[in-house]
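What follows is one structure encoded as structure tokens, with my remarks underneath.
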Amino acid sequence: DLYQEKHRPQFHFSAKKGWLNDPNGLVYYKGEYHLFFQHNPYGLHWGNMHWGHAVSTDLVHWRELEIALFPDHRGTMFSGSAIVDISNSSGLGTLENPPLLLFYTCAEGTWEQGIAYSLDGRTFQKISEVAIPKIVPGNRDPKVIWHEESKKWILTLYVTEEHEQHAVYFFNSDDLRNWKQISTIRGGRGEDKYLYECPEFYQLKSDSGMAETKWVLSAVDGSYAIGDFDGMMFKPDFERLRGNYGRGYYAAQVFNNTPNDIRIEIGWRHTHTAVDGMTFNQSMSIPMELSMGKRGDMLFVRRNPIAELTQLRKKKHTWQKQIFNSAMNNPFREISFGELEIDIDLLPQDKSLFEINMYGILLSYDQNTEQLRVDGVVNTIPLIDGRLKLHLFIDRVGVEIFAQDGEFYIPINKNTNSHSERLSLKVLNGKVICKKLDVYELSSIW
Ligand code: FRU
């Protein structure tokens, strides 16, 4: 049955049928969160790009709707963004009924940036003019935001200039229809990954009581820069930071127009779902709340699962204030349910080395080297005040790991097998003081 298939993620969004890649047009409009996505409705692999469409009232349960944008005489529909034109500056709606605008790339055809609008969040009308005419064939992925200080709309666009020079062009507008280029950021070639596809640009408040607000410019693989923006130019303070310590996480986008102005991100996870007769392929990440952390003088972006996900918790298994060592039995031996959230707070002792098997995905932490290994991906994760905090979300397509309160986001895409593999925790060396270990079985969102 639909949504019950062997490799169907149970609490991550995936398309009913066909291929999916980048999230597009993430926006809150008239009481609903909208998730559009790069979609091939005709096959299991990339091609024929359309914008698929789904809605949710809680960011957790999604309902897939009709396709929003079909290819046309200008090309196929590549990635882009959506905004709510509250003041009806575009004239495409009214003040009482503000329009939702979609900005997308007309790809493999005219390579222009097109505009579509909707007054009901269900049907979409393309307008005949384009937001930005062709620059070079490599320009794509328009992201539009409102900039309060300059009272302008800002559009960032990825452009591949001559000799494979990656650049992000900044534009502004009063009416969302006429755009003027205001600045350009260029990097070296290849290396400056935060100037690559799907530029994402947003303002972020600090999470530690500092009154600081900064701007983040990030690219398709999650690399980013933090700096300032005066309405015209982005000036990075910290460049080439890493937003993704795992594998196969791309093209993340942040919701526009969210209540309370919080930053929520969803990205594409390159999962391995085109196997065993599945009729869909690929999946999104869970929604994550972004905040700005500080370590020493360095600012960085933290990712944490949104609080709304706690509603999926069903049965809870818990361990507290005890010591795990190599003599113990597997504490997880009673658990065989496939979809899990695990919240761990540990104090590794005596050069401890331990291992968690998540239905075929192996994680280990070695206190000696401070290395966290997951399915061959190795990261150095220093203990903080002697503590290691891990927050794991295990679904059929893999695991998302949030380490040290979201300082490290480690998505690993590998299909789990809860029928033939066990969940286990083993201490191979030293011991581990367990302050908290909670395992929740999670209900399906479908
Ligand atoms: C990133 C990307 C975008 C493009 C889209 C096409 O994954 O290559 O640059 O708009 O995918 O599907």
query: What number of residues within segment 283-316 satisfy the criterion of being under 13 Å from the mean Cα position of the chain (by Cα) and farther than 23 Å from His53 by Cβ?
result: 7
message: Against the condition more than 16 Å from the ligand (Cβ to nearest atom), under 19 Å from the mean Cα position of the chain (by Cα), closer than 25 Å to Leu392 by Cβ and part of a loop (DSSP other than H, G, I, E, B), how does Gly222 come out, does it pass?
response: no
message: Take residues that are touching a residue at least 12 places away in the same chain (Cβ under 8 Å), small (Gly, Ala, Ser) and within 16 Å of the ligand (Cβ to nearest atom) and tell me which of the strands (runs of 3 or more DSSP E) falling wholly in segment 127-188 contain 1 or more.
response: 165-173
- prompt: Which of (1) under 19 Å from Phe36 (Cβ atoms); (2) away from the ligand (no atom under 16 Å from the Cβ) does Glu112 not meet, given it meets every other one?
  reply: (2)
task: Tell me, yes or no, whether segment 2-19 has at least one residue that is charged (D, E, K, R), surrounded by 15 or more Cβ atoms within 10 Å (Cβ to Cβ) and within 11 Å of the ligand (Cβ to nearest atom).
output: no
Residues (closer than 19 Å to Tyr117 by Cα and either within 26 Å of the chain's Cα centre (by Cα) or of a type outside the set (Lys, Arg) (or both)) located in segment 173-188: Ser173, Asp174, Asp175, Leu176, Asn178, Trp179
task: Would you mind stating whether Pro348 is modelled with pLDDT of 95 or more and in a loop (DSSP other than H, G, I, E, B)?
output: no
message: Criterion first (under 23 Å from the mean Cα position of the chain (by Cα), assigned to a loop (DSSP other than H, G, I, E, B) and touching a residue at least 24 places away in the same chain (Cβ under 8 Å)) does Gly121 satisfy it?
response: yes
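The values are calculated or read from the model by the stated rules, or taken from the named source; none is laboratory data. Since this is a predicted model, take the numbers as computed values, not measurements. Heads up, the Cβs are rebuilt from the backbone with ideal geometry, glycines too, and the neighbour counts pull from every protein chain shown.
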